[in-house]
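Undergrad: Have a look at this one.
Read-outs throughout are calculated quantities, based only on the coordinates presented, and are distinct from any laboratory measurement. In this text the structure is predicted, and so the values were computed from the model without any measurement. Neighbour counts are summed over all protein chains in view; Cβ atoms, including those assigned to glycine, are modelled from backbone coordinates with ideal geometry.
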Amino acid sequence: MKNRLKLFAALTLFSLTFLACSNDDNASDDSSPSGTSADQTAEIAQDGTWKITYFYDSDEDETSDFAGYVFTFAENGVLTAVKGSETVTGTWSVVDDSGNSSSDDDGNSSDDDDFNIFFPVPESDKFDDLIDDWDFISVSNTKIELIDVSGGNGGTDYLTFEKI
C-alpha cells in the first residue's frame, strides 16, 4: 500500500509538472514579431543593421569580399550595403514559397520561405554572388543563416548575416 501511495504521488507530481509547462509558440512576447514566418523574418531583418559574417560560394570562402559593409533591409524592400563612401543598392524580400516545391533548395520541406536578394550589378561584381532566392537554415533576432543549392553546378552556397 505504501508503494502504491508513493507511485501515485510521483505520477501526480509528474502530471502537474508536465501540465504546467507550455510549449506555446504563439505566446505573447514583445521581442518576437507577429504574423507568418515570412512576416516574422522580414521584421527581424528590418530591425537594425547587419554584416555578413560568412559567405561560402560553392567552392570557397568569400566572406572577406564583404568585410566592412553594413547592410540595411528597409521596410519598402530596398536593400542597401554601405562601406565608407561606397553604397550599393538593391532589393530584398521574404516570401512564403510553399506553392513552389522546386524552390526548396535545402531539401527542408517544413520551411518554404525564401529570402530573395537582388542587386542590379554586372555578373563580374561581387554583389552578383549574393543574388538568389535563399532558403533558411536558421533565423534569430541577431543572426540569419541562409543556404542555396545551385541547380546548375550542384554547388552549395552559404550566407550568414549577423546584427551589428
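Undergrad: Per residue of the stretch 69-78, in order, report the coupling 6.51 cos²θ - 1.76 cosθ + 1.60 (Karplus, θ = phi - 60°) as ³J(HN,Hα) in whole Hz, putting x for Gly and Pro.
TA: 7, 10, 9, 10, 9, 7, 4, 7, x, 8
Undergrad: Charges on Cβ only, +1 for Lys and Arg, -1 for Asp and Glu, centred on the Cα centroid of the stretch 35-163; of A42, S140, G68, which one is farthest towards the dipole's positive end?
TA: Most positive-ward Cα: G68.
Undergrad: Which of the peptides 54-64, 132-142, 76-86 is most tightly packed, and how do the rest follow, judged by the mean count of other Cβ atoms within 10 Å per residue?
TA: Peptide ranking by packing, descending: 132-142, 54-64, 76-86.
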